[in-house]
Each structure stands twice: as structure tokens, then as C-alpha cells.
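Down below is the structure, laid out as C-alpha cells.
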Amino acid sequence: MPNHASPMVTSDPLHARLALGAPPAEVAPDVLMHASFVNTYALRTPVGLLLIDPGLEQNAASVHQAVRAWSDAPVHTAVYTHGHADHAFGLRPFIDAGDHPHIIAQENCPERFRRYRLTHGWNAHINQRQFSLPEPIFPRRFDWPTMTFRDALVERMGDLEIQYRAAKGETDDACWVWVPEHRYLFTGDLIIWQAPNCGNPQKVQRYPVEWAAALETMAALDAEWLFPGHGLVIHGRDAVRGVLIETARYLRVIIDQVLARMNAGEAPEDIVHAVEPDPELSTRPYLQANYDHPKFIVRNLLRLWGGWWNGNAADLLPATWSDQAAEIAGLAGGVEALVRRGRALLEQDDAVLASHLAEWATRAAPENRDAQKLKRDVYERRLFQARSLMAQGIFRAAMNDARQALGES
Ligand SMILES: [Zn+2]
């Protein structure tokens, strides 16, 4: 039975309260939702199940169990809305149990998997830092797409038409799924109930412009239900359209500012400081910057349209950080002076500036315990102050580096 009382469904996104997860449930007619960090959906069709985003390798057994408790129909087709580790790695238990689904993905997905193999160690270390994991973890085993498409694909499952459309956004291998008969829209991570994850500091290029365009295309469909990659299912045409249009608008406000300033010839670093997201949209429950950070979207656009030079000529072919730090420490009258100043800034609650002092002090004299203690305390404060999980992961790793230098656990 559809469970419209599910905490994972809202028809009032402007006032919704985000639920972190809920037991698997049929949240809309013929749609099972398994929400555990990422959302996996199973859609009942006349010829079997359509599985949308099988999910994380670690949750695969839970997804399989939930689907099989709900239906014993074969999995006819699985689709990866993109090849990220939290979306495309949960099929194994289905295959092991005898399902032989078509696996549909956008054509750039296999190339992503090949890159994941090429840079496995790098991605494992990024993931460890980003999510503060105890050890480097990244998938090694792939269930490769059996059918890929460039722009669009239509699949007939019995008399039910399923439309797949390519997009770029968080990744270059995104797609979304539209079931016209039911007015069901499965967006993948084009909607995540956070400000778009469109600037991640440790990851490859992301695509804000194409992302906004995909949202606007989806808004024109007049979907009745929106099933996102993370967060709440949205029910009701106005509610769905509102979230899609406003998320696109959030991106376009940033895009337009960056473009205008780049075309005016401003220095990249100045652009980062100057550009701000729309203040009203930033208050929406579905556009909170708790995951990515709008300034990171700015940097991502600078990388997209520009080179890697930051606008400071000294940074083009620079002295090493430790040589720069030694020079600054010498001018200040020693590392102790840097530590003192860093402490004073921290007491004034200026952890941003204090973190530069901590970096200079620890890079000039890595063995200096007071310098490492400053670094530890500075990043503990920044971790506490940061809303963005992407920022938190990096601040926590820096704090832990200082702790390790101090011999603390
Ligand atoms: Zn995701």
C-alpha cells in the first residue's frame, strides 16, 4: 500500500523538515523507496522492476532485502543516474540471486568507471578525507552498463514508456528518468535537498550551467512526483516545479555573477571573495549549504572557463610553502610571534585569518609543539563553524594532522 504519510514525502517543500532516513516503504503507487544516505527506488512495471540507483556497495544487502520483501518480480532494468559510489554499486546481490537486468547509463559512465580504476588510490584518499572515514575506501568492483546512450533513450516496459535523458551536473555522466504515464520524475543528484553539490573542492570538474538547464527542462514537464537522489520525495505539480526552478535559479545567480566578473577581467581570487549566492533562496530547506559551499561553485566555474592560475603572479612559479613560511616567521621575529598572533586572532574569533598564521607557523617549524597546538585548535574551531560537509572533512583532516604531529590519538 502506498504510504503517503511517509516522513520521506513532502507536498510543502518550502516548510519541509529533512528526515535523514526512514524504513523502506511504497511512497507512491508502485514505487518503493529505500533511503539510507542515498535514495534507491524500485518501480513496478508490467514486465518486472525498474531499479533506479542500486546504491552503495555497503547497503546492497539492505536494498536487496527491502525490494524482495516488497516484490518478487525480476529486476528487468537497472539505471545509474550517474556512476558515483553511492549510486551505482548496489546491484551485486540481485545478480547473485539470478537477476539479469539491463543496466542503463549515460555514455560517459563507463569512462568514469575506467577513471576510478586508474585513480583508485587517489579517490580512496579523497573519500576518506571528505567523509572523515577511518581508512581509505573506494569501490573496486563494477557492474558495467549493458546499454548506454548519448542524449536520450526510450524504453518500453510492457505498455509503460520510460524516458531516459542525459544531463551534466554533479557529474558528466548524469541522466534523469521520466515516466510520462505516471508523471514520475527521477532526478538523480540533480536534486539532493542541499545547495547543489557543484563545487566539491577535491573532485573533478562539475557543470553548473548544464545543471541549471537540466532543471529547467525537467520543470517544463509538469511532473506530479519528484524522486530525488537524496532527501525527500516531492508530491504536487507546483511543489515539484518550484523546487526545480528555484534550484536552477540558485545556480544561475552564481553563474551570472562569475561570468560578468570574468568578462570584466577581474582576478580569480577577487571573484571568489565577491560572489555571493541569492540570500532568499539560500534560506530554502532544499538549498541549505550543508554539503557543498557556494564559494566552491565559484571556484568550479573559474576552473571551467579559466586556467588554474589564481591571479597572483608570485603564485605562478612560487617558492615552496615552507620557504615562504620561514621568510614570514623571520620577519615576524620567530615562529613564537606567529603562534602568539594566531592565538590572539583565535581569541577574537577570527579563525579564518588565524588558520593562515597556523599554516605559516607549522610549515616554518613542523616540530614546534606550540605551532601544532595552534593548528589543532584553529581547525577544531573552523570545523565547529563550518556548515559545509566538504569543508568540515578538510578541516577535520588538518586538525588530525596536527594531533598526529603532537602524538595525540
Ligand atoms: Zn549521490
Filter the stretch 182-220 for residues that are touching a Phe, Trp or Tyr at 6+ places or on another chain (Cβ under 8 Å) and not in a loop (DSSP other than H, G, I, E, B); the one that is farthest from residue 166 (Cα to Cα) is 184
Would you say residue 76 is more than 19 Å from residue 183 (Cβ to Cβ) and in contact with a strand residue (DSSP E or B) (Cβ under 7 Å, 6 or more places away or on another chain)?
-> yes
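Go through 198, 175 for me and flag whichever is within 15 Å of the ligand (Cβ to nearest atom) and farther than 15 Å from residue 88 by Cβ. Give the steps one after another, and end with the answer.
Numbers: 175 fails: farther than 15 Å from residue 88 by Cβ.
Residue meeting the stated conditions: 198.
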Would it be correct to say that residue 239 is assigned to a helix (DSSP H, G or I) and over 16 Å from residue 11 (Cα atoms)?
-> no
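Filter the stretch 66-109 down to the residues that are among the β-branched types (Val, Ile, Thr) and under 14 Å from residue 45 (Cβ atoms), then identify the one that is nearest to the ligand (Cβ to nearest atom). Lay out the reasoning, then the answer.
So in the stretch 66-109, the residues among the β-branched types (Val, Ile, Thr) come out as 67, 75, 77, 79, 81, 95, 103-104.
Next, only the ones that are under 14 Å from residue 45 (Cβ atoms) stay: 67, 75, 77, 79, 104.
On the way: 67: 19, 75: 20, 77: 20, 79: 14, 104: 18 Å.
Filtering the stretch 66-109 for residues that are among the β-branched types (Val, Ile, Thr) and under 14 Å from residue 45 (Cβ atoms), the one nearest to the ligand (Cβ to nearest atom) comes out as 79.
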Out of the residues in the stretch 289-331 that are touching a Phe, Trp or Tyr at 6+ places or on another chain (Cβ under 8 Å) and not charged (D, E, K, R), state the one that is nearest to residue 211 (Cα to Cα).
-> 304
For the stretch 43-54, name all the residues that are assigned to a loop (DSSP other than H, G, I, E, B) and either surrounded by fewer than 20 Cβ atoms within 10 Å (Cβ to Cβ) or without any contact (Cβ under 8 Å) to a residue 40 or more places away in the chain (or both).
-> 46, 47
Which is more than 15 Å from the ligand (Cβ to nearest atom) and either in contact with a Cys (Cβ under 8 Å, 6 or more places away or on another chain) or within 18 Å of residue 52 (Cα to Cα) (or both), of 192, 245, 234?
-> 234
How do the pairs read when you match residues in the stretch 186-200 that are free of Cβ contacts under 8 Å to residues at least 60 places away in the same chain and farther than 16 Å from residue 245 by Cβ with residues anywhere that are within 10 Å of the ligand (Cβ to nearest atom) and of a type in the set (Phe, Trp, Tyr), using Cβ under 6 Å and keeping only pairs 6 or more apart or on different chains?
-> none
Does residue 166 meet the test of being within 22 Å of residue 39 (Cβ to Cβ), small (Gly, Ala, Ser), buried (at least 20 other Cβ atoms within 10 Å of the Cβ) and more than 16 Å from the ligand (Cβ to nearest atom)?
-> yes
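Yes or no, residue by residue, for (1) under 14 Å from residue 34 (Cβ atoms); (2) touching a Cys at 6+ places or on another chain (Cβ under 8 Å); (3) modelled with pLDDT of 95 or more:
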residue	(1), (2), (3)
52	yes, no, yes
55	yes, no, yes
60	yes, no, yes
63	yes, no, yes
67	yes, no, yes
71	yes, no, yes
76	no, no, yes
83	no, yes, yes
87	yes, no, yes
Residue 112 being of a type outside the set (Phe, Trp, Tyr) and over 16 Å from residue 213 (Cα atoms) = yes
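The values are calculated or read from the model by the stated rules, or taken from the named source; none is laboratory data. Being a predicted model, the structure only gives us computed values, none of them experimental. Using ideal geometry, Cβ is built from the backbone for each residue, glycine included, and neighbour counts are taken over all protein chains shown.
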